[in-house]
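The structure appears right after this line, and notes come after that.
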Amino acid sequence: MLQEFPEENIESLATGAWILGTGGGGNPYLSTLNLRRLYAEGARVQVLQPEELADDDMVAVVSGMGAPLVGQERLKDPRHMARAVELMEDYLGRPFRAIMALEIGGANALSPFLAAALLGRPVVNADCMGRAYPEAQMTSFAIGGLSMFPLSLVDVRDNEVIVTRAESWKWMEKVSRAVCTAVGSTAATCKAPRTGREVKDWGIHHTITQATELGRVVLEARARHDDPVAAVLDHAKGKQIFRGKIVDVDRTTTGGFLRGKTVIEGIDADRGATLELAFQNEWAVAFRNGAPVAMTPDLLCLLDSVSGSAIGTESVRYGQRVSVVALPAPEILTTPAGVAAVGPRAFGYDIDFKSVFK
């Protein structure tokens, strides 16, 4: 049964998705403004539960692609996301039943809503990461061995590209990333179409609900003048890793990614220690005094210690008082195949994955 997504849930979704983005997925602020504007103009979006898809339904999987720092500097237009879906439909010669997010993290959690508001399609309550990751092969669909092509890409200059075939998920990442970098390291994309059966078998389900409820917990804690970080930990069954002040940030945009590290000087129980957070668009590994203490696929989230708001890799800055927390990863990401796809070695670290929850 289709359920209307009410306007009052937009802020909750954005707040929760920004936390689940683990530093990436794009700051949802501009997407939130765009979605509110579309609602003010009369658009409404309905949500479809994944189990209600027919096996032969076609589902569009959308996301913004590029470096978060560029996405912060260039304003978004929802029409580009909608056009990526239309371009894929033109190529396939058949319409999509619904639209879903590639990742529930950050602005990309709102990407299907922007396209759906313009195209009149429902949004599937699912994604294929349960968070945000930077590369095409870091999805539950890739872990499941599903097809990685075709892919459509649209930019602000009226460039439109379809990658009709790729040898592997990593080649799809290389080819599409090269195109994205060529058009300015930011673009709207429609990934390989999925059937209803594939979404039911390999999607990560009900993550729109998860993000919206997490965001609501934060907003309600602020309204009560309670500790929103504690509320996140309690609601999501997370663990606090570190608490301190940002003392150094080193980042660069290269190859279509934002890469670098940030250093946190401990306060309170962590006084005298330092934590280094390494990132590739998203936070990947945390090193306490040089030793790895938390890592992907556990969700590493950097939160403002007062507001509980997520802090992105593109916006972290000197002097911020922060809390580093870990949240549990979707089960599929912690399987051997999942760890091979998204564990620390997938990001270039010769470290065996060890969850903080075991």
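Take the Cβ atoms of Arg224 and Asn289, set R0 to 35 Å, and the FRET efficiency comes out at 0.45.
Residue-wise HN-Hα couplings along segment 66-71, as the Karplus relation 6.51 cos²θ - 1.76 cosθ + 1.60 with θ = phi - 60° gives them from phi, are x, 8, x, 5, 5, x Hz; Gly and Pro carry x. Averaging the sequence gap over all C-alpha pairs within less than 8 Å and six or more residues apart, then dividing by the number of residues, gives the chain a relative contact order of 21 percent.
Across segment 94-111, coupling constants 3J(HN,Hα) worked out from phi with the 6.51/-1.76/1.60 Karplus curve, θ = phi - 60°, read 8, x, 7, 6, 7, 10, 9, 7, 5, 9, 8, x, x, 4, 5, 5, 8, 4 Hz, and Gly and Pro carry x. Overall, the accessible surface of segment 137-187 at a probe of 1.4 angstrom is composed of carbon and sulfur to the extent of 55 percent. The alpha carbon convex hull volume per residue for segment 13-62 rounds to 118 Å³. Return the long-range amide H neighbours of Val61 (sequence gap of 5 or more, or a different chain), with a cut-off of under 5 Å between placed amide H atoms. The list, which skips near neighbours in sequence, is Met100, Lys191, Arg194. Give the calculated FRET efficiency between Trp171 and Val249 to the nearest 0.05, with a Förster radius of 25 Å applied to their Cβ-Cβ distance. According to the calculation, E is roughly 0.15. Run the accessible area of segment 53-128 with a 1.4 Å probe and give the carbon-and-sulfur part as a rounded percent. Answer for segment 53-128: carbon and sulfur cover 49 percent of the accessible area.
Close amide H pairs (under 5 Å, H built 1.01 Å from N) link Ile204 with Asp127, Cys128, Met129, residues at least 5 positions away or on another chain.
Quick one, what does Rg over Rh come out to for the chain if you take C-alpha atoms and the Kirkwood Rh?
Looking at the chain, the ratio lands at 0.95.
Looking at the chain, the accessible area is 40 square angstrom per residue; that uses a 1.4 Å probe and ignores ligands, DNA and RNA.
The slack in the chain from Asp304 to Asp158, taken as 0.36 nm per residue of separation less the alpha-carbon distance, amounts to 48.8 nm. In order along segment 285-299, phi translates into HN-Hα couplings of 9, 10, 10, 9, 6, x, 9, x, 10, 7, 6, 4, x, 3, 7 Hz, rounded to whole numbers, per the Karplus curve 6.51 cos²θ - 1.76 cosθ + 1.60 with θ = phi - 60° and x for Gly and Pro. Computed on segment 116-212, the Cα convex hull volume stands at 117 Å³ per residue.
Where the alpha-carbon atoms of segment 276-358 are placed on the principal axes, they occupy 38, 24, 22 Å, in descending order.
The values are calculated or read from the model by the stated rules, or taken from the named source; none is laboratory data. Bear in mind that the values here come from a model prediction, so they are computed numbers and not experimental data. Quick reminder, even Gly has a Cβ in these numbers, built from the backbone with ideal geometry, and neighbours come from all protein chains shown. Protein only, heavy atoms only, side chains kept; ligands, DNA and RNA dropped before computing areas. Shrake-Rupley method; radii C 1.70, N 1.55, O 1.52, S 1.80 Å.
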